[in-house]
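Okay, structure first, notes after.
The values are calculated or read from the model by the stated rules, or taken from the named source; none is laboratory data. Since the model is a prediction, treat every value here as computed from it, not as a measurement. Virtual Cβ from ideal backbone geometry, glycine too; neighbours counted across all protein chains shown. Quick note on the areas: whole protein, heavy atoms, side chains included, nothing else; ligands and nucleic acids left out. Shrake-Rupley method; radii C 1.70, N 1.55, O 1.52, S 1.80 Å.
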Amino acid sequence: MLKTLLIIVALLVVLAAGALLVFVYVVQNVEQPEYVLVEQDGDFEVRDYPALTVAMVRRTGERRESLSAGFGPLARYIFAKERDGEKIAMTAPVIQQPEAGDADTGDWTVGFIMPRAAVQAGLPEPGSADVRLTELPPRRVAAVRFSGRTTDERTDAQRARLEDWVRARGLRIVSAPVYAYYNDPFTPGPLRRNEILFDVATD
């Protein structure tokens, strides 16, 4: 009995180690937007981002429902399901932001950040009016990074932490929060990377 238990424990350890290696490989090999790190304080950071091109859709509903609903048309765009041309590489993170700065309205934008090479080569026009290409200007952001599942309770708590940290630094928030999701739905909670970001004033 003890031998069987030890075998099961060993298998679980091997599986966990394998899952960690897959996670590290996937995260390190999917393009992420470059930025300049201005300040770091534990899981808080201030970053300077260059201009980024984002494929976006608008959706109405709860945060998690809107994220799921927005993923489909964006995936069809990058995988050339509704347009001519080549596929576009997947990047991380998927970003989500409430419209008009207020999540209570239930209006959201969901976006895929476009790879640098694809932007330089010229992005194909979306085959659906649902998807629009938008350029985000260079900006400074404050960010908090956390793991686990992105429940409303967890994201609300992390957003409040970030707001407190930003204000303690004497910075001024100038945007609605951006929720950034780096992993697929099957990644275990402890291995997940999530972020919340606010644009902050540079003057």
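Of note:
- E135, sole failed condition from (1) more than 22 Å from A75 (Cα to Cα); (2) assigned to a strand (DSSP E or B); (3) open to solvent by 20 Å² or more (accessible area, probe 1.4 Å): (1)
- Total residues in segment 130-151, condition more than 18 Å from T53 (Cβ to Cβ) and not aromatic (F, W, Y): 10
- Restricting I78, I8 to residues that are farther than 16 Å from Y182 by Cβ, at pLDDT 95 or above and among the hydrophobic types (A, V, I, L, M, F, W, C) narrows the list to I78.
- Within segment 174-190, residues that are open to solvent by less than 30 Å² (accessible area, probe 1.4 Å) and at pLDDT below 90 sit with their Cβ atoms under 6 Å from residues that are of a type in the set (G, A, S) and in a loop (DSSP other than H, G, I, E, B), at 6+ positions apart or across chains, in these pairs: G189/G148.
- Filtered residue count, segment 153-196, keeping only those that are under 27 Å from G106 (Cβ atoms), assigned to a loop (DSSP other than H, G, I, E, B) and of a type in the set (A, V, I, L, M): 2
- Among the conditions (1) open to solvent by less than 50 Å² (accessible area, probe 1.4 Å); (2) on the phi < 0 side of the Ramachandran plot, the only one that D130 does not satisfy is (1).
- So L20, is it outside any strand (DSSP E or B) and modelled with pLDDT of 95 or more: no
- Any chance V131 is touching a strand residue (DSSP E or B) at 6+ places or on another chain (Cβ under 8 Å), modelled with pLDDT of 95 or more and farther than 23 Å from A69 by Cβ: no
- Any hit, segment 140-160, residues being surrounded by 16 or more Cβ atoms within 10 Å (Cβ to Cβ), of a type in the set (A, V, I, L, M, F, W, C) and under 26 Å from I88 (Cβ atoms): yes
- Failed condition for T202, given (1) modelled with pLDDT under 95; (2) farther than 27 Å from L74 by Cα; (3) open to solvent by less than 60 Å² (accessible area, probe 1.4 Å): (3)
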